[in-house]
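The block underneath contains the structure these notes are about, expressed in structure tokens.
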């Protein structure tokens, strides 16, 4: 018999849990989420006021902090049937003493804030293995890259369940004449009669984004919630081919795929601090051959979860594709695919929740 469950979440990110909250509540369960993100303004709300763990303390998370959190909230949180962790996955340690199931949905490299601390990262990996093996932790990821990354270091299976992001409540409705350029790069090839750079539009709503003819992706990461939002809104997407992306990655190292590894973001050694297979270490951002292999796992190259993206081999080719692509046809194909994708994702989460 179906039983409605109460699930709790404490988060530093607004979008990943917003997606799961909608899905889980559609499936008949309830989700309470305390968000300490600085981006709560996107949903017109203030950050939650939480004792022990907040924006200033969470990166120093350790056993003492977890114990203090448990003592502070053990009565309040004991009423919940389980817990959800998105960003960061280390928040799962806050719930260990509650001895209830913990769902981890990994939205980015999972080890933050331990990427530069060998002992803590190894300890966290041991914690994950122990609790995955016991069945307490259910490990999932919303991108193939993070699924592979998690499995590479933890040596445990992580199920791929992409985000949907229907919380935007918007669909492609092109009323503007230009394409939106989604990138930290502002190349001199931009023709403002055809392309509008995202940096030039200031604060915007999801409906504002859906009014462009399409979106050109030159992303800073292998997976972002914005890409899920755009894809679910069935907005035609244009992206460099793998070959061209690698060229851009080499030419514009401070603008293209800058956030693939915490090591690169924070300017520390170009390799993992814990022992791993050095020949395939995803933190070897100084090794183009290795990084190329990992970049291929990016969402925008995953034809099973994001088909119908239009790829270009150069900026000249990009302009040609912008002018010649049948955008309505692409939109229709995306829409049909997304209808089936939603059913599949809901089925996967329902199976996990029933279990």
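Need the full-extension length gain, residue 354 to residue 45, defined as separation in residues times 0.36 nm minus the C-alpha distance. One decimal, nm.
Contour length minus Cα-Cα distance gives 108.1 nm.
How big is the antiparallel share of DSSP beta bridges in the chain, given as a percent to the nearest 5?
Values: 0 of 31 bridges.
Of all bridge pairs located within the chain, approximately 0 percent are antiparallel.
Using just its DSSP H runs of length 4 or more, each adding -39500 (n - 2.57), the chain gives a mean residue ellipticity at 222 nm of -11000 deg cm²/dmol after division by all residues. Spacing of the modelled spin labels on residue 159 and residue 241, each 7 Å from Cα toward Cβ, amounts to 3.7 nm. A simple spin-label model places the labels of residue 151 and residue 304 0.9 nm from each other, with each point 7 Å out along Cα-to-Cβ.
Oblate is the label for the range 297-341, because a/c, from the alpha-carbon gyration tensor with a ≥ b ≥ c as root eigenvalues, is 1.5 or above and a/b does not exceed b/c.
Helix 242-251 and the longest principal axis of the Cα set of the chain meet at an angle near 80°.
Shape class of the range 207-355 from the Cα gyration tensor (axes a ≥ b ≥ c, square roots of the eigenvalues): oblate, since a/c reaches 1.5 or more and a/b does not exceed b/c. Note on the chain: with a GNM built from Cα contacts shorter than 10 Å, the maximum mean-square fluctuation among 99, 208, 281 falls on 99.
Only Cα pairs under 8 Å and 6+ residues apart enter the sum, and on that basis the relative contact order of the range 103-210 stands at 22 percent. Note on the chain: GNM, Cα springs under 10 Å; of 184, 340, 54, the largest mean-square fluctuation is that of 340.
Can you check what the Kirkwood hydrodynamic radius comes to for the range 68-111, Cα pairs only, in Å to one decimal? Each step should come with its number before you reach the end.
Details: mean 1/r = 0.0915 Å⁻¹.
10.9 Å is the Kirkwood radius here.
Taking all Cα pairs closer than 8 Å and separated by 6 or more residues, the relative contact order of the chain comes to 14 percent. If you take the beta carbon distance between residue 325 and residue 346 as r and set R0 to 25 Å, what does 1/(1 + (r/R0)^6) give as a FRET efficiency, to the nearest 0.05? Here the calculated transfer efficiency is 0.25.
The angle separating the long axis of helix 63-77 from the principal Cα axis of greatest extent in the chain is about 80 degrees. When the alpha carbon coordinates of the range 5-140 are projected onto the principal axes, the ranges are 39, 31, 29 Å, largest first. With the convex hull drawn over the C-alpha atoms of the chain, the volume per residue is 135 Å³. Length gained on full extension, residue 64 to residue 203, computed as 0.36 nm times the residue gap minus the Cα-Cα distance: 46.1 nm. Segment residue 78..residue 289, full-extension length gain: 71.1 nm, with 0.36 nm per residue of separation and the alpha-carbon distance subtracted. Here r is the Cβ-Cβ distance between residue 336 and residue 173 and R0 is 22 Å; the resulting FRET efficiency, rounded to 0.05, is 0.80. Choose one answer from 321, 192, 147: the residue with the largest mean-square fluctuation in a GNM of the chain with alpha-carbon springs under 10 Å. Maximum among the listed residues: 192.
Can you figure out the FRET efficiency of residue 34 with residue 250, using R₀ = 41 Å and their beta-carbon distance, to the nearest 0.05? For residue 34 and residue 250, the calculated efficiency is 0.45.
On C-alpha positions alone, give me the angle between the axis of helix 315-324 and the longest principal axis of the chain, in degrees, nearest 10. That works out to roughly 80 degrees.
We did not get these values from a lab; they are worked out from the coordinates using the rules stated. What you are looking at is a predicted structure, and each value in this text was computed from that prediction instead of being measured. Reconstructed Cβ throughout: ideal geometry from the backbone, glycine too, with neighbour counts over all protein chains shown.
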